[in-house]
Each structure stands twice: as C-alpha cells, then as structure tokens.
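I have placed the structure first, in the form of structure tokens, so that the comments after it can refer back to it.
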Amino acid sequence: MIEQAATVVKTADNIAWVESQRQSTCGSCSAKKGCGTSLLDNMFGASRIRVKVRDDIGTHQGDDVIIAIEENALVASSLLMYIVPVVGLFLFAGIADLLLHLPELFIIISGLTGIIGGFYVVRKIAALSVIFSSTQPAIIEVVKPDNFHAVTLRRGE
C-alpha cells in the first residue's frame, strides 16, 4: 500500500475530503540542480491537494489521518490515464490518414479528437471504478495528537 498523511476537511456518509501536502523526492536526488522536475517544483512550490476518499472508520473534520491506496490500483490507473488517450490519438489519426486519405490539417484535428475522446473514456471508466472499493483511496488510520506513536484507530481492528 502507498500511504500519505492528510487532514480531514469535510466528511459525509462514509466519504471524507482530505487535504495533503504534495511531496517531491527531489530533496534526496543528487541531480536536482540540473533537473527540470526540480526546477518546476521550486517554481510552483509545494501545494496542497484535496482528495475524496473512503472513510470506513468515522473521522471528523480536523482529524489528522493516514490515507492509502493499493499499488496495483495506482499503477493500473496511471496506465489507463496514459495509454487510452494515446491509443485514441493514433487510432483517429490513422483512420483519417490511411482509410479516409484526408489532408494533414484534418488528420491533426482527428488526432486531437482522439485524445479528447480518450480522456472522456478514461473519465467514464474512473466513474465506473467508484463501484470497486479496492481502486479508491481510503482512510486507514487516525493520528491522535496526544499519542506520540500515531497508531490508534486502524481499519479492521
């Protein structure tokens, strides 16, 4: 599981909106002075990210929590997000060029339509995956401020 510390900002019906500090691994990298990712991270700074997660343990606004997602779900989602739009690009541009023999401008427009269509398909698949709880991030632990070790309410205990 991939875990991240966050703070609950809103709760409703086993759903919580949590806010987390975006983290970068640039601090531990020896090539950060010549890296474009490090430069972008420094330009835009560390921003906060708000995410909707499953709340099976009943948190409240202001709670510090640990959220987690399965590695397989993250890898599959990333692959889906990258592969489907690229396939749409090549498919639509290929059809416009090889089958319809359209001019270059229309091939470009077809490719862009394929990318947009690919993102639409990804969005629909993501909406369907809400049904499968294993693909959604969830709160697994509440961190109590008076407890130094931070392991208090674990899901499933």
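The values are calculated or read from the model by the stated rules, or taken from the named source; none is laboratory data. Since the structure is predicted, the reported quantities are computational estimates derived from the model, not experimental observations. As a convention, Cβ positions derive from the backbone with ideal geometry for all residues, glycine included, and neighbour counts pool all protein chains shown.
Across region 65-99, what is the number of residues that are over 31 Å from the mean Cα position of the chain (by Cα) and surrounded by fewer than 11 Cβ atoms within 10 Å (Cβ to Cβ)?
Result for region 65-99: 2.
Looking at (1) at pLDDT 85 or above; (2) at positive phi, find the lone condition where G45 falls short.
(1)
What's the number of the only condition in (1) buried (at least 18 other Cβ atoms within 10 Å of the Cβ); (2) modelled with pLDDT of 95 or more that E104 fails to meet?
(1) is the only condition that E104 fails.
So for region 120-133 (the condition being under 24 Å from the mean Cα position of the chain (by Cα), closer than 19 Å to V65 by Cβ, assigned to a helix (DSSP H, G or I) and modelled with pLDDT under 95), does at least one residue qualify?
Checked against the condition, which is being under 24 Å from the mean Cα position of the chain (by Cα), closer than 19 Å to V65 by Cβ, assigned to a helix (DSSP H, G or I) and modelled with pLDDT under 95, region 120-133 yields at least one hit.
For every residue, the table says whether it meets (1) within 26 Å of T135 (Cβ to Cβ); (2) part of a helix (DSSP H, G or I); (3) in contact with a Gly (Cβ under 9 Å, 6 or more places away or on another chain); (4) at pLDDT below 65.
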{"site": "L39", "(1), (2), (3), (4)": "no, yes, no, yes"}
{"site": "R50", "(1), (2), (3), (4)": "yes, no, no, no"}
{"site": "D56", "(1), (2), (3), (4)": "yes, no, yes, no"}
{"site": "Q61", "(1), (2), (3), (4)": "yes, no, no, no"}
{"site": "V65", "(1), (2), (3), (4)": "yes, no, no, no"}
{"site": "A68", "(1), (2), (3), (4)": "yes, no, no, no"}
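Can you tell me how many residues within region 7-35 are at pLDDT 65 or above and touching a helix residue (DSSP H, G or I) at 6+ places or on another chain (Cβ under 6 Å)?
Number satisfying all stated conditions: 0.
For every residue, the table says whether it meets (1) of a type in the set (F, W, Y); (2) farther than 23 Å from S20 by Cα; (3) touching a Pro at 6+ places or on another chain (Cβ under 9 Å).
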residue: A76; (1), (2), (3): no, no, no
residue: L80; (1), (2), (3): no, yes, no
residue: L89; (1), (2), (3): no, yes, no
residue: I107; (1), (2), (3): no, yes, no
residue: G111; (1), (2), (3): no, yes, no
residue: G118; (1), (2), (3): no, yes, yes
residue: I125; (1), (2), (3): no, yes, no
